[in-house]
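A.B. asks: First the structure, which I've put down as structure tokens, then a few questions once you've had a look.
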Amino acid sequence: MKVVLAVGGNALLRPGDRGTAEEQMLRARQTAENIYPLFQKFKVVVTHGNGPQVGAILLQNETAKNVVPPMPLDICGAMSQGEIGYMLEQSFQNVLEEKGVNKDIATVLTRVIVDENDPAFENPTKPIGPFYTEEEAKRLAKEKGWHVIEDSGRGWRRVVPSPMPLEIVEKDVIAELLEKGFGVIAVGGGGIPVIRKGRKLFGVEGVIDKDLASAVLARDIGADRLIILTSVEKVYLNFGKPEQRGIDEMSVQEAKKYMEEGHFKKGSMYPKILASVLYLDNGGKEVLITSPEKVQDALDGKTGTWIYP
Ligand SMILES: NC(=O)OP(=O)(O)O
């Protein structure tokens, strides 16, 4: 069975973490300990976010711009794929070794085709980098020309364009590595956004949503299952309210209805449900949304939210 496994931001950073290498390596190791059995059971491609890391790389580039030439956002995205791919690959490989599982892991630098006329380029929505107070964020926006927003009740952040992913450039390479028995890490940070001009590709500045890009990958390689790991055990209706109710199973039609009714927050569960719909509406078979800690129980049918066509 071919599985695309999208790991959330908490795979590398938790609230309160500063984002040091030691912290991120520790979180990567914890993620590996939770998910290593999946590499034994399935042909797995792990995808991941990069919001905090790509924002930090961009800041580093901008801060040192008078010493070394700063890199544009697509190249910062490529750097974040290398950084995070390394941390995950090393952690997965070490845990698999300790558990006696014979599996090699390969990270694929991945580009994703977007539309150069995507309106997202004129309307930045993707939060990256550290959190600021409202006052700091508004000052930085004025001083540096940044766009900033309040991010899901967690603080203020810089936002950048987030075009819709259309196609995974490296889909055949990823599929081939899976068939040959490798565990694969790909589509890091939603992939590096590129546009097609004739037969050539060119990078563009943006950060793609990793859940949407994971759905496109799952479609493009004909994955049997899309698993989205996040900070909650299952999807909830009326999340955070007294009438909150966990969903064990829903159809894609029900998922669309709940989206329209406004049950899912834009910066958190909404893109995961949208990605599930995108995958299931394009031939996908099933989606599981749960936390890294509960993924084994969810696969045994004990928890998580399952979504079907
Ligand atoms: N690219 C992306 O979606 O990153 P986060 O999940 O970290 O926001």
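The values are calculated or read from the model by the stated rules, or taken from the named source; none is laboratory data. Please read these numbers as outputs of a predicted model, since none were measured by experiment. Backbone-built Cβ (ideal geometry, glycine too); neighbour counts: all protein chains shown.
A.B. asks: Confirm whether Val46 is over 20 Å from Lys126 (Cβ atoms), within 16 Å of the ligand (Cβ to nearest atom) and hydrophobic (A, V, I, L, M, F, W, C).
C.D. replies: Working: over 20 Å from Lys126 (Cβ atoms): yes; within 16 Å of the ligand (Cβ to nearest atom): yes; hydrophobic (A, V, I, L, M, F, W, C): yes.
The answer is yes for Val46.
A.B. asks: Would you mind listing the strands (runs of 3 or more DSSP E) fully within the range 185-304 where at least 2 residues are outside the structural domain of Glu83 (by the TED database) and basic (Lys, Arg)?
C.D. replies: Output list is empty.
A.B. asks: Let me ask something additional. I need the full set of residues from the range 172-219 which are surrounded by fewer than 19 Cβ atoms within 10 Å (Cβ to Cβ) and of a type in the set (D, E, K, R), in order please.
C.D. replies: Asp172, Glu176, Glu179, Lys180, Arg196, Lys197, Arg199, Lys200, Glu205
A.B. asks: Now for a different question. May I ask you to say which residue of Lys256, Lys294, Lys265, Lys272 is surrounded by 13 or more Cβ atoms within 10 Å (Cβ to Cβ), more than 16 Å from the ligand (Cβ to nearest atom) and closer than 28 Å to Pro163 by Cβ? Steps first, answer last, please.
C.D. replies: On the way: Lys294 fails: closer than 28 Å to Pro163 by Cβ; Lys265 fails: more than 16 Å from the ligand (Cβ to nearest atom); Lys272 fails: more than 16 Å from the ligand (Cβ to nearest atom).
None of the other options fit; the residue is Lys256.
A.B. asks: Would you confirm whether or not the range 57-67 contains a residue that is within 20 Å of the chain's Cα centre (by Cα), without any contact (Cβ under 8 Å) to a residue 24 or more places away in the chain and either within 13 Å of the ligand (Cβ to nearest atom) or not assigned by the TED database to the domain that holds Lys180 (or both)?
C.D. replies: Filtering the range 57-67 down to residues within 20 Å of the chain's Cα centre (by Cα) leaves 57-58.
Among the residues that remain, those that are also without any contact (Cβ under 8 Å) to a residue 24 or more places away in the chain are: none.
Scanning the range 57-67 turns up no residue that is within 20 Å of the chain's Cα centre (by Cα), without any contact (Cβ under 8 Å) to a residue 24 or more places away in the chain and either within 13 Å of the ligand (Cβ to nearest atom) or not assigned by the TED database to the domain that holds Lys180 (or both).
A.B. asks: Just checking, does the range 138-159 include any residue being touching a Ser or Thr at 6+ places or on another chain (Cβ under 9 Å), assigned to a helix (DSSP H, G or I), within 16 Å of the ligand (Cβ to nearest atom) and outside the structural domain of Pro193 (by the TED database)? Lay out the reasoning, then the answer.
C.D. replies: Going through the range 138-159, the residues touching a Ser or Thr at 6+ places or on another chain (Cβ under 9 Å) turn out to be 147, 149, 152, 155-156, 159.
Next, only the ones that are assigned to a helix (DSSP H, G or I) stay: none.
So far as the range 138-159 goes, no, none of its residues is touching a Ser or Thr at 6+ places or on another chain (Cβ under 9 Å), assigned to a helix (DSSP H, G or I), within 16 Å of the ligand (Cβ to nearest atom) and outside the structural domain of Pro193 (by the TED database).
A.B. asks: Hey, another quick one. Counting only residues that are aromatic (Phe, Trp, Tyr) and over 30 Å from Lys200 (Cβ atoms), which one in the range 82-132 is surrounded by the fewest Cβ atoms within 10 Å (Cβ to Cβ)?
C.D. replies: Within the range 82-132, the subset aromatic (Phe, Trp, Tyr) is 86, 92, 121, 131-132.
Filter again for over 30 Å from Lys200 (Cβ atoms), leaving 92, 131-132.
Details: Phe92: 27, Phe131: 16, Tyr132: 19.
Among residues in the range 82-132 that are aromatic (Phe, Trp, Tyr) and over 30 Å from Lys200 (Cβ atoms), the one surrounded by the fewest Cβ atoms within 10 Å (Cβ to Cβ) is Phe131.
A.B. asks: Could you grab me the full set of residues in the range 186-241 that are within 16 Å of the ligand (Cβ to nearest atom), over 17 Å from Gly51 (Cβ atoms), touching a residue at least 60 places away in the same chain (Cβ under 8 Å) and of a type in the set (A, V, I, L, M)? It would help to see each step written out before you state the result.
C.D. replies: The first filter runs over the range 186-241 and keeps only residues within 16 Å of the ligand (Cβ to nearest atom), leaving 186-194, 203-218, 226-232.
Okay, now just the ones that are also over 17 Å from Gly51 (Cβ atoms), so 186, 194, 203-204, 215-218, 226-227, 232.
Add one more test, that the residue is touching a residue at least 60 places away in the same chain (Cβ under 8 Å), and what stays is 186, 194, 203-204, 215-218, 226-227.
Those that are within 16 Å of the ligand (Cβ to nearest atom), over 17 Å from Gly51 (Cβ atoms), touching a residue at least 60 places away in the same chain (Cβ under 8 Å) and of a type in the set (A, V, I, L, M): Ala186, Val194, Val204, Ala215, Val216, Leu217, Ala218, Leu226, Ile227.
A.B. asks: Given the structure, is Glu135 over 30 Å from Gln40 (Cα atoms) and out of contact with any Leu (no Cβ under 9 Å at 6 or more places or on another chain)? I'd like the intermediate steps shown before the answer.
C.D. replies: On the way: over 30 Å from Gln40 (Cα atoms): yes; out of contact with any Leu (no Cβ under 9 Å at 6 or more places or on another chain): yes.
Spelling it out, Glu135 is indeed over 30 Å from Gln40 (Cα atoms) and out of contact with any Leu (no Cβ under 9 Å at 6 or more places or on another chain).
A.B. asks: Taking the condition assigned by the TED database to the domain that holds Gly222 and acidic (Asp, Glu), does Glu179 pass? Quick ask: steps written out before the conclusion?
C.D. replies: Values: assigned by the TED database to the domain that holds Gly222: yes; acidic (Asp, Glu): yes.
Taking the combined requirement at face value, the residue satisfies it.
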